[in-house]
Amino acid sequence: SRKIVIKIGSNVLSDDNGAVNREVLHNIVEQVSNLIEHHKQVIMVSSGAGICGVGAINKWSRRGDMNYKQALCAIGQVELMMAYKEYFSDYGIHVGQILLTREDFLDPHRTLNIRNALFTLVDEGVVPIINENDSVSVDEIKIGDNDTLGAHAAKLWNADALIVLSDINGVYDKDPKAEADARLIEEVPDIDRLLADIDIGEKSSFGTGGIATKIEAARLVNQYGIAMILLNGKKPDIINKAWNGKETGTVFSGR
Ligand code: ADP
């Protein structure tokens, strides 16, 4: 597979203090640069704007307030992109920011424009970094989580694979953070059967999708013959290690 969409969850980029984990971010950039050096094409979908916003202004008090959350994302999006730009520049790679909402995927004309923009950026050796346009995304027009956004991007770009980086090793039969004896499921050929077999915990604190949206993202891309691989993005060099069989995750092969 040559065309890879890599989605990075907010839990991957945040450390325990609610600030952005620069070491993890740096390592992911290193991994992406390495893939590009090996003739892969990469589009990134990155969460973490909210966390970066909190880190930037050191306030987190009104995070339940939607407009305040939008403000945090507006501030943090700049911080996040600055970090990506800084780290990618070590490899001579430019980044391009693309902020989308659900409407962009509903209107064929807009969708076509995004598609062309993505192809053009990648052709120029640029790494597009996509995120939801949170400051204009009120609930009614929201995609709502970047797993779904990543799946739409993968479909739009005719990707070969969607890699979802989260803070767990993969899909388990129950929430691994709550249950010590949770068992990792390494291969998912049938999503309906998976859903009948496992327990899904609650949404994470920053309002992202949890494991449910990751499974639905897999369902979406699998329909288009695109594999999805769920890996632990907090582990250094996880993509390479998974590729070489030194680490495992969950592969949604789709049949
Ligand atoms: P991200 O920020 O990476 O998108 P989320 O917090 O939205 O991550 O979703 C991942 C979380 O889903 C995990 O940290 C885990 O606690 C939870 N979860 C609940 N049920 C399961 C399950 N069956 N398998 C794996 N993770 C699960």
All positions within the range 174-184 that are under 22 Å from the mean Cα position of the chain (by Cα) and either assigned to a loop (DSSP other than H, G, I, E, B) or within 8 Å of the ligand (Cβ to nearest atom) (or both) = Lys174, Asp175, Pro176, Lys177
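Give the residue that is surrounded by the most Cβ atoms within 10 Å (Cβ to Cβ), with candidates limited to residues of the range 8-21 that are in a helix (DSSP H, G or I) and not β-branched (Val, Ile, Thr).
Leu13
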Would you point out which residue out of Ile129, Ile98 is under 24 Å from His38 (Cα atoms) and either out of contact with any Leu (no Cβ under 8 Å at 6 or more places or on another chain) or part of a strand (DSSP E or B) (or both)?
-> Ile129
Given the conditions (1) more than 8 Å from the ligand (Cβ to nearest atom); (2) in contact (Cβ under 8 Å) with a residue 60 or more places away in the chain; (3) crowded, with 16+ Cβ neighbours inside 10 Å, which single one is not true for Leu194?
-> (2)
If you check Ile168 against the conditions, is it within 22 Å of Lys241 (Cβ to Cβ) and in contact (Cβ under 8 Å) with a residue 40 or more places away in the chain?
-> yes
Got a sec? Which of Val5, Val24, Val95 is surrounded by 23 or more Cβ atoms within 10 Å (Cβ to Cβ) and at pLDDT 95 or above?
-> Val5
Do you know which of the residues in the range 133-147 that are touching a helix residue (DSSP H, G or I) at 6+ places or on another chain (Cβ under 6 Å) and not aliphatic (A, V, I, L, M) is farthest from the ligand (Cβ to nearest atom)?
-> Ser135
From the option list Ile239, Ile229, single residue qualifying as outside any loop (DSSP other than H, G, I, E, B), away from the ligand (no atom under 14 Å from the Cβ) and closer than 15 Å to Ile6 by Cα is Ile239
Return only the number of the condition from (1) at pLDDT 95 or above; (2) within 14 Å of the chain's Cα centre (by Cα); (3) more than 27 Å from Arg115 (Cβ to Cβ) that Asn11 does not satisfy.
-> (1)
Among (1) of a type outside the set (Ser, Thr, Tyr); (2) within 16 Å of the ligand (Cβ to nearest atom); (3) assigned to a loop (DSSP other than H, G, I, E, B); (4) in contact with a strand residue (DSSP E or B) (Cβ under 9 Å, 6 or more places away or on another chain) - the single one Ala159 does not satisfy | (2)
For Ile191, indicate whether it is in contact with a helix residue (DSSP H, G or I) (Cβ under 9 Å, 6 or more places away or on another chain) and at pLDDT 95 or above.
-> yes
In the range 213-234, which residues are surrounded by fewer than 18 Cβ atoms within 10 Å (Cβ to Cβ) and in contact with a Lys or Arg (Cβ under 8 Å, 6 or more places away or on another chain)?
-> Tyr224
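The values are calculated or read from the model by the stated rules, or taken from the named source; none is laboratory data. This one's a predicted model, so the numbers in the text were calculated from it and none came from an experiment. Heads up, the Cβs are rebuilt from the backbone with ideal geometry, glycines too, and the neighbour counts pull from every protein chain shown.
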